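Taken together, the values in this text are just the output of simple stated rules run on the coordinates, not laboratory data. Keep in mind it's a predicted model, so treat the numbers as computed, not measured. Glycine gets a Cβ as well: all are built from the backbone with ideal geometry, and neighbour counts include every protein chain shown.
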Amino acid sequence: MAEQAQKDEFLAALTGLGGSAGNGKLRETLGWDDAAYDEVKQALIDDGAIVPGRGRGGSVAIAAQGDAVPAVAQAAQVDRQVRAARPNTSAANVGYEAELWRMADALRGSMDAAEYKHVVLGLIFLKYISDAFEEKHAALEAERDQGADPEDPDEYRAENIFWVPTEARWAHLKAQARQSTIGQLVDDAMTGIERDNSALKGVLPKDYARPALDKTRLGQLIDLISNIKVGDAEARAKDVLGRVYEYFLSQFASAEGKKGGEFYTPRCVVKLLVEMLEPYRGRVYDPCCGSSGMFVQSMEFIHAHRNGNGNGGKAKADISIYGQESNYTTWRLAKMNLAIRGIDGQIAHGDTFHNDRHPDLKADFILANPPFNISDWGSERLRGDKRWQYGDPPAGNANYAWVQHIVYHLAPSGVAGFVLSNGSMSSNQSGEGEIRKKLVEEDVVDCMVALPGQLFYSTQIPACLWFLARDRKNHKFRDRRGEVLFIDARKMGFMVDRTHRDLSDEDIAKITGMYHLWRGETDVPPEVVDGLTAYEDIPGFCKAASMEEIRKHGHVLTPGRYVGAEAADEDGEAFAEKMVRLVADLRAQQIEGARLDSAITANLQELGYGR
């Protein structure tokens, strides 16, 4: 009989090959003989952990949704698969989130995705709280002889770690995962955490005991989640919780058939927006805040620059946070995301267009990633709204409703940076061109950045960044009236896998540095902007365009129209000499082409097809 250690090794190797492989390749990877390989393979097939495939030499794959994997086999394979799929620390990929999703989705059965997401996301957050708590608990336990008390809630709150009461600790839930009362135990855990942590009141889901929820599958899901770390120091450094949460939200939206324009904002894009605007102090607002990524990155920016680091120590943790999110599940995630990090914020739930929860707010900084190209946004109920200072947005696309909502909420010297689809820079449908023209002519548009493709997690819609400023002679920077900076970053970034691109820190520093030089800032490190100490146009990358140039282009704001072509490298060869060489090459290729034509004709004649 196959040993468990052999089964573990088999599954780890198979996962390392992408979850499926030919028998020959997998046998070679393991270095086993045919008899040993066949014995372990058959045992795993019998367990339901793998399924046989097709092919000349046969193949195997880790059992997926629909392969009817027995519960005992699922529980046994979870730890092996998760451990084998080590997380990638890149900003575009956690590494094991897709594998985790596949296994979690296999446990969904016939449950509706809209219902199941509350079950899964609540448990993952509970695991996060527990991981952080247990890590601190162990540290305090080790310091008992120095007077530390692992059961003192203040020890945890002092470090922005949630206190987890006994009934809510993950080890307790895991031990009871196979009991019929597990639903009530999870509800009790959520209630206990909300009771002892005021920041989470009304945020956590508490309906796991409902009869419609299959308690066997709930127990299996707890077993699955038990095998991942999302809240210890290493996982927090990689933002595993945020990435797993967002990936799951994306997949649930897809399963519900309404993925639309809602998607994860890549960390590099958030970082670029924050670094461009430098929200050191004041009111920071995100009208469609999602999971609060903009706020988290703003606080990280402040912490990173607190000691100077190129800006003279001007960064202080002196910002007030305001946000709004229409999706209830995502709003709860936003509250959790801020609470985890000890960030206070006024995050409201509701439709930003129809129930603006911060109607009188005038923000110093606005950062946002609105859902792209939303067609059903209730425009007919908002005709003539006071926010539409530049014209009523079209009924079929909310892009310019978002733009004008943002402008309306800017303070007199406020600045904004936000993501929109590329179409927003050039569309002339239903009055969009006129709205854009007024924005340009009234000197609100400061900078436009074209982003590379494949940055976003679950949409291929090309995107750009808009940067607006209420007062472009606000004395903080140079007078920029009558001019707009265009940056074409479409060639920047690197592929982290077959489908995702990321911007490197160097890419972000260059884009940010050129914008800051153009604004007249003098503390930009020359090494991040090709050695420049003052702004210069760079063909193919950036161009400071006058209002007259923009008018000539019909107020289209696509950077590619302005930056021109990248300068070609000089090869030092004189033009006349180059032409002689190229013509000689052409003649030689023509002679070779004629020879090949003759050879082909002769071959065809030998085969009886010539004339």
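Structure notes:
- For the pair Arg102 and Arg157 in one chain, pulling the backbone fully straight at 0.36 nm per residue adds 16.3 nm over the alpha carbon distance.
- Local net charge near Pro393, Cβ-Cβ under 12 Å (Lys/Arg +1, Asp/Glu -1): -2
- Shape summary: region 459-611 maps onto an equivalent ellipsoid whose semi-axes, from the alpha-carbon gyration tensor, are 50, 21, 18 Å in decreasing order.
- Förster-model FRET efficiency, 25 Å R0, Gln4 and Arg498, C-beta, rounded to 0.05: 0.15
- Put in line by how crowded their Cβ is, counting other Cβ atoms within 10 Å and starting with the fewest, Thr601, Thr265 read Thr601, Thr265.
- Electrostatic tally near Glu194: other residues with Cβ closer than 13 Å to its Cβ, Lys and Arg +1, Asp and Glu -1, net +1.
- Taking a Cβ cut-off of under 12 Å around Gly350, the surrounding Lys, Arg, Asp and Glu residues balance to a net charge of -2, with basic ones at +1 and acidic ones at -1.
- Length gained when the stretch Asp351-Gln605 is fully extended (0.36 nm per residue, less Cα-Cα span): 83.8 nm
- Inter-label distance, nm, simple model (7 Å from Cα along the C-beta direction), Thr181/Ile45: 4.4 nm
- Contact order for region 267-475, expressed relative to its length and based on alpha carbon pairs under 8 Å spaced 6+ residues apart, stands at 18 percent.
- FRET E, pair Ala576, Thr191, Förster distance 60 Å, beta-carbon r, rounded to 0.05: 0.10
- Net length gained if the chain between Ala139 and Asp344 were fully extended (0.36 nm per residue, minus Cα distance): 71.1 nm
- This ranking places His553, His118 by how few other beta-carbon atoms lie within 10 Å of each, fewest first, which gives His553, His118.
- Inter-centroid distance (Cα atoms) of region 575-611 relative to region 454-526, Å: 50 Å
- Computed from label points 7 Å out along Cα-Cβ, the spacing between Asp34 and Glu521 is 6.8 nm.
- Spin-label model, Asp597/Ala12: points 7 Å from Cα along the beta carbon direction are separated by 6.4 nm.
- Rounded FRET efficiency, nearest 0.05, which uses the C-beta distance separating Glu536 from Ala584 and R0 of 35 Å: 0.30
- Cross-link table Lys491/Lys552; Lys206/Lys335; Lys438/Lys510; Lys174/Lys215; Lys127/Lys201; Lys386/Lys552, entries beyond 24 Å C-alpha to C-alpha: Lys491/Lys552; Lys438/Lys510; Lys386/Lys552
- Using distinct alpha-carbon pairs, which all enter the 1/r mean, Kirkwood radius of region 392-538 in Å: 16.6 Å
- Look at Tyr128, Tyr208 and count the other Cβ atoms within 10 Å of each Cβ; fewest to most, that gives Tyr208, Tyr128.
- Stokes-Einstein translational diffusion, region 339-398 - Kirkwood Rh over all Cα pairs, 0.692 mPa s, 37 °C, in µm²/s: 236 µm²/s
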